[in-house]
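Have a look at the structure below before the remarks.
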Amino acid sequence: MASKLAPTRGNLVKLTKDMAMAQSGHDLLDQKRQVLMMELVRYIDSAKKIQEDVAKIFQDAYDALQKANVSLGIDTVGDISESIPITTDITVRLHSIMGVEIPDIDPLNGEAIPSYSFHGSSGAMDAAYAKFRRVMVLLAQLAEIETSVYRLAVQIRKTHRRVNALEKVVIPRDKAEIRFITDVLEESDREDFTRMKLAQKKVKE
């Protein structure tokens, strides 16, 4: 491969430094990718467990809601549900894993404290409310984990592309440039040496 740089010792020194930096960057990015992959696997395992829990508690919650509908009537259950306040005290914090911002949601209170009157209600309604409260807690945890998985996956993809670019483009290109310039300089040195020997021979003659 013909070098785009002039085959000088200055360019050889610069290329050697550039390749050393590229190799160091490659090694650091590869370590980052491995750490992120381990974190991703850990979060995926957690997500699977919570997804299973959510599926089960959702089914239990809907079964409990059906019983409440039968016990009180759909309209009454609807009226009671409107008296339950919307949860707004959700605190999301961020922590960094190798530069990736990962959310931490403060645990929600899973305790079901009815905000409706016991008059006109029933045990079935209380059970449905308690189970849907549990659903909300698990969904917050699932949202935290799935967001973390998404952000880690995006960063892993970016890091993988950078590692590949260094490994398959930048470093091989620098190596080829260094080899070309080194060959040219060595050939020039041999020619200089030959001319010097010829000059010395003529002087002796």
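A few points about this structure:
- Pair list, Cβ under 8 Å, 6 or more apart: the stretch 157-181 residue assigned to a helix (DSSP H, G or I), other residue surrounded by 17 or more Cβ atoms within 10 Å (Cβ to Cβ) and basic (Lys, Arg): Thr159/Lys32; Thr159/Arg33; His160/Arg33; Val163/Arg33
- Which listed residue is closer than 21 Å to Arg151 by Cβ and in contact with a Pro (Cβ under 9 Å, 6 or more places away or on another chain), from Val92, Val35, Val54, Val41: Val92
- Residue in the stretch 20-31 that is touching a Ser or Thr at 6+ places or on another chain (Cβ under 9 Å) and surrounded by 15 or more Cβ atoms within 10 Å (Cβ to Cβ) present: yes
- Given (1) acidic (Asp, Glu); (2) free of Cβ contacts under 8 Å to residues at least 40 places away in the same chain; (3) buried (at least 18 other Cβ atoms within 10 Å of the Cβ), number of the condition Asp126 does not satisfy: (3)
- Number of positions in the stretch 51-98 that are modelled with pLDDT of 85 or more, polar (S, T, N, Q) and not in a helix (DSSP H, G or I): 2
- First in the stretch 62-80 and over 8 Å from Met125 (Cβ atoms), second anywhere and aliphatic (A, V, I, L, M), Cβ under 6 Å, 6 or more apart: Ala64/Ala127; Ala64/Ala128; Leu65/Ala128; Lys67/Ala124; Asn69/Val77
- Condition check for Val70: among the hydrophobic types (A, V, I, L, M, F, W, C), more than 30 Å from Val170 (Cα to Cα) and loosely packed, with under 15 Cβ neighbours inside 10 Å: yes
The values are calculated or read from the model by the stated rules, or taken from the named source; none is laboratory data. For clarity, every value in this text was computed on a predicted model and none was experimentally measured. Every residue, glycine among them, receives a Cβ derived from its backbone with ideal geometry; neighbour counts consider all protein chains shown.
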